[in-house]
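Peer 1: Here you go, one structure.
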Amino acid sequence: MRYETTVAWTEENVTLTNEQGGATIPWSDFLKWADNDRVFLLFQGPRLFNMLPKRALTAAQIDDLRRILAAKVKPA
């Protein structure tokens, strides 16, 4: 949360990058996901998650991410 992070996703994975480095994570590595009106939470463990603020996404990106998550990761 200290550095601005760029997020990109495909049908296979999500990529997170910032000035400290980056990671490409296959959807199968996520245990579950959740969202509300403000954020997506992508859980990699019981207490480890990536938070994606919806204010940084377009409506089309929100719909696309929700579609992929529904197909690839179980909901919380």
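Peer 1: Please report the net charge: other residues with Cβ closer than 12 Å to the Cβ of residue 61, K and R +1, D and E -1. Walk me through the numbers on the way to the answer.
Peer 2: On the way: positive: 54, 55, 66, 67; negative: 63, 64.
Local net charge: +2.
Peer 1: Okay, next question. Listed highest first by mean packing, meaning other Cβ atoms within 10 Å per residue, what order do 61-74, 10-23 come in?
Peer 2: Details: 61-74: 14.3, 10-23: 12.5.
The peptides rank, most packed first, as 61-74, 10-23.
Peer 1: Quick check: at a probe of 1.4 Å, how many percent of the accessible area of region 1-48 sits on carbon and sulfur atoms?
Peer 2: Values: 1650 of 3440 Å².
In region 1-48, the share of accessible area belonging to carbon and sulfur is 48 percent.
Peer 1: Another question about this same structure. For the chain, what does the accessible surface come to per residue with a 1.4 Å probe? Please give it in Å².
Peer 2: Values: 5310 Å² over 76 residues.
On a per-residue basis, the chain sits at 70 Å².
Peer 1: Measure off 7 Å from each Cα along the Cα-to-Cβ vector at residue 2 and residue 47, then give the distance between these two points in nanometres to one decimal.
Peer 2: Simple spin-label model gives 2.0 nm for this pair.
Peer 1: For every helix of n ≥ 4 consecutive DSSP H residues, a contribution of -39,500 (n - 2.57) applies; sum these over the chain, divide by its total residues, and give [θ] at 222 nm rounded to the nearest 500 deg cm²/dmol. List each step's numbers first, then the result.
Peer 2: Numbers: 1 runs with 14 residues, N = 76.
It comes out at -6000 deg cm²/dmol, rounded to the nearest 500.
Peer 1: How far is it, in nm, from the label point at residue 12 to the one at residue 64 when both lie 7 Å from their Cα along the line to the Cβ?
Peer 2: 1.7 nm
Peer 1: So for the chain, Kirkwood radius off the Cα pairs, Stokes-Einstein at 25 °C and 0.890 mPa s: how many µm² s⁻¹?
Peer 2: Values: Rh = 12.7 Å.
This corresponds to a translational diffusion coefficient of 194 µm²/s.
Peer 1: If the cut-off is a Cα-Cα distance under 20 Å, which aspartates and glutamates reach residue 74, setting aside same-chain residues fewer than 8 apart in sequence?
Peer 2: 11, 12, 29, 35, 37, 63, 64
The values are calculated or read from the model by the stated rules, or taken from the named source; none is laboratory data. This one's a predicted model, so the numbers in the text were calculated from it and none came from an experiment. Neighbour counts run over all protein chains shown; Cβ positions are idealised from the backbone, glycine included. Just so you know, the surface numbers come from the protein's heavy atoms only, side chains and all, with ligands and any DNA or RNA stripped out. Shrake-Rupley method; radii C 1.70, N 1.55, O 1.52, S 1.80 Å.
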